[in-house]
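*Asks:* One structure coming up, written as structure tokens, with questions to follow.
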Amino acid sequence: QVQLVESGGGLVQPGGSLRLSCAVSGTFFSVNAMAWYRQAPGDERELVADIGSGGNTNYAESVKGRFTISRNNAKNTVYLQMSSLKPEDTATYYCNVNILTLVGRLYRDYWGQGTQVTVSS
């Protein structure tokens, strides 16, 4: 069983900062790519940032220069440092990891439970 636990969401004023964390636990061979998505009510879930096993990163245009994705492979944890937050960043944020399973040696995606980020005065 593989489990993803997210933390770090909350209420913040415009211009403020938050740091999200997502820790992977359970039985698996290795973690490949890791990513953060977000979804506001009525909207499609969108990719915010991703990071490969070697540290290569990609960002949505709307967050470039403000958000930073990073990972700690020893802890199987991915982070999203968010700064200069705007009201339009308000959403539920979900982590996603691509895992190589022990049984069958297959790559599969897993999702976190989501953490709410609200940016408001």
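*Asks:* Under 6 Å between Cβ atoms, which residue pairs at least 6 apart in sequence (or on different chains) link something in segment 84-107 that is of a type in the set (V, I, T) with a partner that is open to solvent by 30 Å² or more (accessible area, probe 1.4 Å) and in a loop (DSSP other than H, G, I, E, B)?
*Replies:* What qualifies is I99/F28; T101/F28.
*Asks:* Quick one: is N56 without any contact (Cβ under 8 Å) to a residue 12 or more places away in the chain and open to solvent by 30 Å² or more (accessible area, probe 1.4 Å)?
*Replies:* Yes: the conditions hold for N56.
*Asks:* Next question, about the same structure. Can you name every residue in segment 66-85 that is open to solvent by 50 Å² or more (accessible area, probe 1.4 Å) and touching a Ser or Thr at 6+ places or on another chain (Cβ under 9 Å)?
*Replies:* T68, N73, Q81, S84
Condition check ((1) under 18 Å from E6 (Cα atoms); (2) open to solvent by less than 70 Å² (accessible area, probe 1.4 Å)) across all residues:
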| position | (1), (2) |
| --- | --- |
| A33 | yes, yes |
| W36 | yes, yes |
| A60 | no, yes |
| K64 | no, no |
| T90 | yes, yes |
| Y107 | no, no |
| W111 | yes, no |
| T115 | yes, yes |
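*Asks:* Right, another one. Please go through segment 40-53 and give me each residue that is open to solvent by 80 Å² or more (accessible area, probe 1.4 Å) and aliphatic (A, V, I, L, M), ordered by number.
*Replies:* Those that are open to solvent by 80 Å² or more (accessible area, probe 1.4 Å) and aliphatic (A, V, I, L, M): none in segment 40-53.
*Asks:* Considering V119, V97, which residue is within 15 Å of the chain's Cα centre (by Cα) and modelled with pLDDT of 95 or more?
*Replies:* Of the residues listed, the single one that is within 15 Å of the chain's Cα centre (by Cα) and modelled with pLDDT of 95 or more is V97.
The values are calculated or read from the model by the stated rules, or taken from the named source; none is laboratory data. Note that this is a predicted model, so its numbers are computed, not measured. Backbone-built Cβ (ideal geometry, glycine too); neighbour counts: all protein chains shown. Side chains are part of the model used for accessible areas, which takes the heavy atoms of the whole protein and leaves out ligands, DNA and RNA. Shrake-Rupley method; radii C 1.70, N 1.55, O 1.52, S 1.80 Å.
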